[in-house]
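A.B. asks: Have a look at the structure that comes next, please.
The values are calculated or read from the model by the stated rules, or taken from the named source; none is laboratory data. Everything numeric here is computed off the predicted structure, so don't read it as measured data. Because the Cβ atoms are built from the backbone with ideal geometry, glycine has one as well, and the counts that use them run over all protein chains shown. These accessible areas exclude ligands, DNA and RNA; they are computed on the full protein's heavy atoms, side chains included. Shrake-Rupley method; radii C 1.70, N 1.55, O 1.52, S 1.80 Å.
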Amino acid sequence: MRESGTKSLWVGDGTPRPTAPLHKHLSTQVCIIGAGIGGLSTAYLLAKEGIEVVVLEARQAGEGETLRTTAHLSSALDDGFAELERLHGAEGVKLAYQSHVDAIDEIERIISAEGIECGFTRLDGFLCFPVLDAEGLFDKEVQAAMKAGVSFEARNQAPESWGNIGPAMRFPRQAQFNPAAYLQGLVQAIENLGGKIFTGTRVTKFSSDSRTATSDQGFQVRAAEMVVATDSPIVDRLKIHTKQAAYRSYAIALEIPAGAIEPALYWDTETPYHYVRLDESGKILIVGGEDHKTGQDNDPAARFVSLTAWARRKFPMAGALIAQWSGQVMEPVDGLAFLGRNPGDDHLYVITGDSGHGMTHGTLGGMIIRDLMMGKTDGYLRLYDPARTNLSAAAKYLQENANVAAQFVDWVRSGDLQSEDDLTPGEGGVLLVGLNKLALYRDNHGKIVTRTAVCPHLGCIVNWNNVEKSWDCPCHGSRFDTDGQVLNGPSLSELKTADTDLPPIEPTMIGTPL
Ligand code: FES
């Protein structure tokens, strides 16, 4: 039986309620795979247009990544306006900024129209710079933000809550909410509009040609249009996966005396950076950061130790630690999500590449796909087109894909373990047996669960994640639970049992040209 890892602050009483699993074959106008913010926003906006929608979700709504966010709703993009200007030009940055302003407005409109109680609050965002800014980051950001028409105020000093040190940029009309309550509101609204949501329904076969999705129970949904909103798309092997990379990000929640910190969104320019907000009550401080590439850290638990130490240094008034969790961030090489038609497919749409702005990018995905299906050709469609190429991002593209290719060295390395006796209950590790690499987990009852350590997507060797009790692939970020079941795509299928023949390695990891 699956033994799971951390739970986020948002999981509990307010978690979206389960709906029934798919129990028969269906036909519909639009089938959406994934009930996170991207899938449910799309379903809601299409249902508002009178379009028939069916949503399929492997677990419960939001249980993929949306409930692992810290839910900063920000139009100040955290790749930085100067970097985005290099990648997309001043006009591109202007559009990108405006698109996130529109996404926050859209969320506010939906909340108001549907009467969703989710603690939505408008507040300032502060980008805080170091005192010793040797690279002149502050000046570069200010210049780029001015060119892009961003609404902001440059300050010589960061706010008192950040310690009054270093300069800062203040961005008005950012926002925060409780993502679990928002998703529950969307679920209710979609059902009120006649949409159907099936949770506990894992899609294990998918055909973009026949536009069908088949569940693990063998039931099929046939649709005129398909939308894949599964964080990392489960539908293509390389078209998009070479243009984005999977990272883990860590978050903690600490008690804090009411009024000790000014309610706002805060983030810094460190590498990796930190991001901070309060919850709706103002008595819980949520701190995130410590990002690293998925499957490429041998001791994720140490990330919580570092993050907690940083938070306690920065906010010495913080009290007890009440939650800690991690989540997956898909980082596109050019900093903007992939939202729209899947490259080469007329009737298949994707929402992926959240770039640390999952709430706004997910909402934008819904807005863009609605517009495409309604025949619109303007707005943000080109900026977020999944088929786009961006030569300014070539260096990052090569760097990320060289990193993927380097992961194949794991095939010839020895495993983490000498034998299964090295494992205590709750631990996992990779064992080399002959030419086979096995993923071994000792469950809480002492029983060993064995799977092959070969990722079914394209054949990299998975690594043990001691925080989430998962097997994480270092190549494109697929993740698997202790039973080998898929937690994150792009893999559609589970880790094979150890007696299955290993799949061949595919040699084309560098993939399609940018
Ligand atoms: Fe691509 Fe594992 S996710 S090889």
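A.B. asks: Could you please state, rounded to a whole Å, how far the C-alpha centre of region 350-396 is from the C-alpha centre of region 435-477?
C.D. replies: Taking the Cα centre of region 435-477 as reference, the centre of region 350-396 is 32 Å away.
A.B. asks: Counting each DSSP H run of 4 or more residues in the chain as -39500 (n - 2.57), what helix-only mean residue ellipticity at 222 nm follows after dividing by all residues, to the nearest 500 deg cm²/dmol?
C.D. replies: Result for the chain, helices only: -7500 deg cm²/dmol.
A.B. asks: Separate question: So for the chain: antiparallel DSSP bridges make up what percent, rounded to the nearest 5?
C.D. replies: Antiparallel: roughly 75 percent of the beta bridges in the chain.
A.B. asks: In Å², and per residue, what accessible area does region 225-370 have when probed at 1.4 Å with the other protein chains present?
C.D. replies: Here the per-residue accessible area is 29 Å².
A.B. asks: On to the next question. Taking a ≥ b ≥ c as the square roots of the eigenvalues of the Cα gyration tensor of region 267-414, is the shape rounded (a/c under 1.5), prolate (a/b larger than b/c) or oblate?
C.D. replies: Oblate, because a/c is 1.5 or more while a/b does not exceed b/c.
A.B. asks: Using the Cα centre as the reference, give the magnitude of the dipole from point charges on the C-beta atoms of the chain (Lys, Arg: +1; Asp, Glu: -1; all else neutral), rounded to the nearest 20 debye.
C.D. replies: My answer is approximately 520 debye.
A.B. asks: Right, next: Rounded to the nearest 10 Å², what accessible area does residue 468 show when all protein chains are kept and the probe is 1.4 Å?
C.D. replies: Accessible area of residue 468: about 10 Å².
A.B. asks: How many angstrom lie between the C-alpha centres of region 1-45 and region 128-147?
C.D. replies: One Cα centre to the other: 40 Å.
A.B. asks: Checking the table 205/376; 239/469; 7/196; 243/293 against a 19 Å threshold on Cα-Cα, which pairs fail?
C.D. replies: The pairs that break the limit, which is 19 Å between Cα atoms, are 205/376; 239/469; 7/196.
A.B. asks: On to the next question. First compute the accessible area of region 360-450 with a 1.4 Å probe, then give the percent of it belonging to carbon and sulfur atoms.
C.D. replies: Reported share for carbon and sulfur atoms: 53 percent.
A.B. asks: Roll a 1.4 Å probe over the protein heavy atoms and report the accessible area of residue 226 in Å², nearest 10.
C.D. replies: 0
A.B. asks: As a test of reading the structure, rank 451, 313, 155 by solvent-accessible area (1.4 Å probe, protein chains only), most first.
C.D. replies: Sorted descending by solvent-accessible area, the residues read 313, 155, 451.
A.B. asks: A follow-up question, please. Calculate, for region 1-45, the solvent-accessible area per residue in square angstrom, rolling a 1.4 angstrom probe over the heavy atoms of the protein chains.
C.D. replies: Accessible area per residue: 44 Å².
A.B. asks: Follow-up. Taking a ≥ b ≥ c as the square roots of the Cα gyration tensor eigenvalues, with a/c under 1.5 meaning rounded and otherwise prolate when a/b beats b/c, else oblate, which class fits the chain?
C.D. replies: It is rounded, given that a/c, with a ≥ b ≥ c, falls under 1.5.
A.B. asks: Counting only DSSP beta bridges with both residues in region 387-478, what percent are antiparallel, rounded to the nearest 5?
C.D. replies: Given both bridge residues lie in region 387-478, the antiparallel proportion sits at roughly 95 percent.
A.B. asks: Turning to a different aspect of this structure: Give me the percent of accessible area attributable to carbon and sulfur for region 96-142, probe 1.4 angstrom.
C.D. replies: Carbon-and-sulfur percentage of accessible area, whole number: 52.
A.B. asks: How big is the accessible area of residue 404 in square angstrom, nearest 10, if you roll a 1.4 angstrom probe over the protein chains?
C.D. replies: 10
A.B. asks: Same structure, new question: Contour minus end-to-end for residue 305 and residue 191, with contour as 0.36 nm per residue of separation and end-to-end as the Cα-Cα distance?
C.D. replies: Fully extending the segment from residue 305 to residue 191 adds 36.8 nm.
A.B. asks: Could you tell me whether region 90-129 comes out rounded, prolate or oblate from its Cα gyration tensor? Rule is a ≥ b ≥ c as square roots of the eigenvalues, rounded for a/c under 1.5, then prolate if a/b exceeds b/c, otherwise oblate.
C.D. replies: In terms of gyration-tensor shape, oblate.
A.B. asks: Next question. What whole-number distance in Å separates the alpha-carbon centres of region 255-293 and region 53-71?
C.D. replies: Centre-to-centre (Cα) distance: 23 Å.
A.B. asks: Enter the accessible area per residue of region 61-104 (Å², integer; probe 1.4 Å; all protein chains in place).
C.D. replies: Ligands and nucleic acids excluded, the result is 30 Å² per residue.
A.B. asks: Got a sec? What order do 249, 27 fall in by accessible area at 1.4 Å, biggest, i.e. largest, first?
C.D. replies: Ranked list, largest accessible area first: 27, 249.
A.B. asks: How far, in nm, would the chain grow between residue 394 and residue 17 when pulled straight, counting 0.36 nm per residue and subtracting the alpha carbon separation?
C.D. replies: 131.4 nm
A.B. asks: Which Cys residues of the chain have no other Cys beta carbon under 4.7 Å away?
C.D. replies: 31, 118, 128, each lacking another Cys Cβ under 4.7 Å.
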